[in-house]
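Quick notes on the structure that follows.
The values are calculated or read from the model by the stated rules, or taken from the named source; none is laboratory data. In this text, all values refer to a predicted model and were calculated from it rather than measured experimentally. Virtual Cβ from ideal backbone geometry, glycine too; neighbours counted across all protein chains shown. Note: areas computed on protein heavy atoms with side chains; ligands, DNA, RNA excluded. Shrake-Rupley method; radii C 1.70, N 1.55, O 1.52, S 1.80 Å.
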2 protein chains.
Amino acid sequence: MRVTNDVGADRLAELARALADPTRAAFCLALLDGRAWTAGELARHAGVAASTATEHLHRLTAVGVLTERRQGRHRYVELADARVAAFIEDMAALLPPAPAPVTGLRSAAASTALARGRTCFDHLAGRLGVTLTEAMAAHGHLETDGGFALSGKGLHWMEASLGVDTAAWGRRRPVARACLDWTERRTHLAGQAGASLCRALFDHGWIRRVGSTRAVRLTDGGSDALQALLGIDASELGLL
Amino acid sequence: MRVTNDVGADRLAELARALADPTRAAFCLALLDGRAWTAGELARHAGVAASTATEHLHRLTAVGVLTERRQGRHRYVELADARVAAFIEDMAALLPPAPAPVTGLRSAAASTALARGRTCFDHLAGRLGVTLTEAMAAHGHLETDGGFALSGKGLHWMEASLGVDTAAWGRRRPVARACLDWTERRTHLAGQAGASLCRALFDHGWIRRVGSTRAVRLTDGGSDALQALLGIDASELGLL
DNA sequence: GGAACGGTTCGGCGGGCGCCGAAGCGTCGA
DNA sequence: TCGACGCTTCGGCGCCCGCCGAACCGTTCC
């Protein structure tokens, strides 16, 4: 006896197909910032004609991934709800960590750099991501029991110490989410707080990309700042 | 500044495309039972030629959704790991609950039947699913704090009282998982335990499908059984 | 009113993909 | 050893879909 519904496969495939295009995927990843984007912004972001973007947006709204809001001559779209945002983050986290295009002597150095710290789409992963997450939890900025949640203290800390405009966070994307990727077996901070944290560290010059890869390196200033803000001893933890 | 990696969209789309076909989706849903299937079994299950199934399986293994094991002249495939299984369940749970093909006077009756109890792919949702889940938790069969987990007592209960062969559960799919769908705002039991529970209730004749829909109805025998096993008062809870 | 602009619709092009059947290969059992 | 069987490869067919430019519609601003 087969309990699974036959028709379920069709509907599941239809939903998957909505994300199964590089342009539509780029839209969804862009919308992961929780804001509402106009159709034109998304078209330019993905590098396609406005007409093409229109078709894609129709499709994404039809399957319930996006919601739209007409305002004047603009069409604003955003992720339908927090569940959709979480789903897209989960799918992104399911991807193997790196395409590893380079082989040879450089590979070893590159992979240790990735293990030290890297971006996982729009937030931080690797030892750096895990260390930051645990330090925030230790300082009471982050609740980690029963799902991640930013505390009131943490919210204020992100505003005061990192200069994050938390009021600009959209309501669609979860503020704090746990992300577990393939290399690290521990979770790190994702969601809007994770994205803002990553962006703030870049903006302050505390972390920098290694070449054009996903690996990030802690700068000297960043090392001092993390020591002062969270009591993180970067050299001891092998983050340099 | 855009932190999100451009190339990420391509890889995300590639993963999504792997599931974006009714046949491949049917494979994945079938494999959600946690067992390893042969290529031929999946081909017959989905109603495609063996050659077609081969191509699909290549694709699914290439993106890391499935793992394969050659054994004699058979090719066994199963879901790559528990994260993949959880991801597919999450995606399935994201689908709107019912296509609602019929309109008119029957709609109201049909939708209340769906609210009362229905299958959510291979487990039970609706008031029936929620009630069973909470009753199992109240009896110590299920831990619901910090993620669902079946207790040792619950494992024995499923074997002794429901006749479930828990030893046959595969290692790929999580045993107990929380599933939240659109209509109910409370979670219900999914995963292998949820699937086995649903199947056992069908096999014992305690629940029955309403026509060919996803709605299920508690039988008289089922009402008595749930009273005896879990102290559930079906009539009081509006499950009849 | 007219120009600029964002978004939409439509037609057409090209590529990718899912499907099958036929042929072939390796394994298993008589 | 030989046939049955499970799976794979290959060629070919047809459909679907993503892309663009051109024309069009509604809003905004001058």
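Looking at the square roots a ≥ b ≥ c of the eigenvalues of the Cα gyration tensor of chain A, which shape do they give, rounded for a/c under 1.5, prolate if a/b is larger than b/c, or oblate?
Numbers: a/c = 1.70, a/b = 1.51, b/c = 1.12.
In terms of gyration-tensor shape, prolate.
Which residue of chain A is nearest the rotation axis onto chain B, counting by its Cβ, and what is the distance in whole Å?
A:Ala20, 2
Order of A:212-220, B:205-213 by packing, highest average Cβ count within 10 Å first? Please list the in-between numbers first.
On the way: A:212-220: 18.0, B:205-213: 14.8.
Result, highest mean first: A:212-220, B:205-213.
Defining the label point at 7 Å along Cα→Cβ, can you sort the distances from B:Ala167 to the same site in each other copy, shortest first, in nm?
When each copy's label point is compared with this one, the spacings are 6.5 nm.
Among A:Leu60, A:Ala18, A:Ala43, whose Cα lies farthest out toward the positive end of the dipole of the stretch A:7-80, if unit charges sit on the beta carbon of Lys, Arg (+1) and Asp, Glu (-1)?
A:Ala43
Per residue of A:61-72, how many C-beta atoms from partner chains lie within 10 Å of its own C-beta, taken as a mean?
Values: counts 0, 0, 3, 4, 1, 0, 0, 0, 0, 0, 0, 0.
Partner Cβ neighbours, averaged per residue: 1.
Using a 7 Å offset from Cα along the direction of the beta-carbon, what are the separations from A:Glu68 to the same position in each other copy, nm, ascending?
4.2
Under a Cβ-only charge scheme (Lys and Arg +1, Asp and Glu -1), can you give me the dipole magnitude of the stretch A:7-80 about the Cα centre, in debye to the nearest 20? Can you show the working numbers first?
Working: 10 positive and 8 negative charges, 46 e Å.
Here the size comes out at about 220 debye.
Shielding of B:51-59 by partners, i.e. mean partner chain Cβ atoms within 10 Å per residue?
Numbers: counts 0, 0, 0, 0, 0, 0, 0, 0, 0.
Neighbouring Cβ atoms belonging to other protein chains average 0 per residue here.
Rounded to the nearest percent, how much of the accessible area of the protein assembly as shown (1.4 Å probe, protein heavy atoms only) is carbon and sulfur?
Details: 11340 of 21930 Å².
Using a 1.4 Å probe with all protein chains present, the protein assembly as shown comes out at 52 percent carbon and sulfur.
Debye sum, Cα scatterers, the protein assembly as shown, no solvent: what log₁₀ I/I(0) at q = 0.11 1/Å?
Summing over Cα pairs of the protein assembly as shown leads to -1.01.
Provide a whole-number value for the mean count of partner chain Cβ atoms within 10 Å of the Cβ atoms in peptide A:17-30.
Other-chain Cβ atoms within 10 Å of each residue's Cβ, averaged: 6.
Am I reading the A/B interface right? What is its buried accessible area, both sides, 1.4 Å probe, to the nearest 100 Å²? Present the calculation step by step, with values, prior to reporting the outcome.
Values: alone 13210 and 13200 Å², together 21930 Å².
Interface between A and B: roughly 4500 Å².
Just to verify a number: what accessible area does A:Asp90 come out at with the full protein assembly present, 1.4 Å probe, Å² rounded to tens?
Here the residue's solvent-accessible area equals roughly 50 Å².
Could you provide, to the nearest whole Å², the per residue accessible area of the stretch B:110-236 with probe 1.4 Å?
Per residue, the stretch B:110-236 has an accessible area of 44 Å².
Quick one: accessible surface of B:Lys153, probe radius 1.4 Å, all protein chains present, in square angstrom to the nearest 10.
The accessible area comes out at roughly 120 Å².
If you take the square roots of the eigenvalues of the alpha-carbon gyration tensor of the stretch A:7-80 and sort them as a ≥ b ≥ c, do you get rounded (a/c under 1.5), prolate (a/b over b/c) or oblate? Spell out each step's value before the answer.
Working: a/c = 1.90, a/b = 1.59, b/c = 1.19.
Here the stretch A:7-80 falls in the prolate category.
At A:Thr38, with labels set 7 Å past Cα in the Cβ direction, how many nm apart are the copies from this one, shortest first?
Distances between equivalent label points, in nm: 6.0.
Return one whole number: the accessible area per residue of the stretch A:7-80 in Å², for a 1.4 Å probe. Show your work: numbers first, answer last.
Numbers: 3220 Å² over 74 residues.
Value for the stretch A:7-80: 44 Å² per residue.
Shape of the stretch A:136-237 from its Cα gyration tensor (a ≥ b ≥ c, root eigenvalues): rounded if a/c is under 1.5, otherwise prolate when a/b > b/c, or oblate? Write down the numbers at each step before the final one.
On the way: a/c = 1.38, a/b = 1.27, b/c = 1.09.
Here the stretch A:136-237 falls in the rounded category.
Order A:Ser51, A:Ser161 by their accessible area, 1.4 angstrom probe, all chains in place, largest first. Walk me through the numbers before you get to the answer.
On the way: A:Ser51 75, A:Ser161 45 Å².
Final ranking, largest accessible area leading: A:Ser51, A:Ser161.
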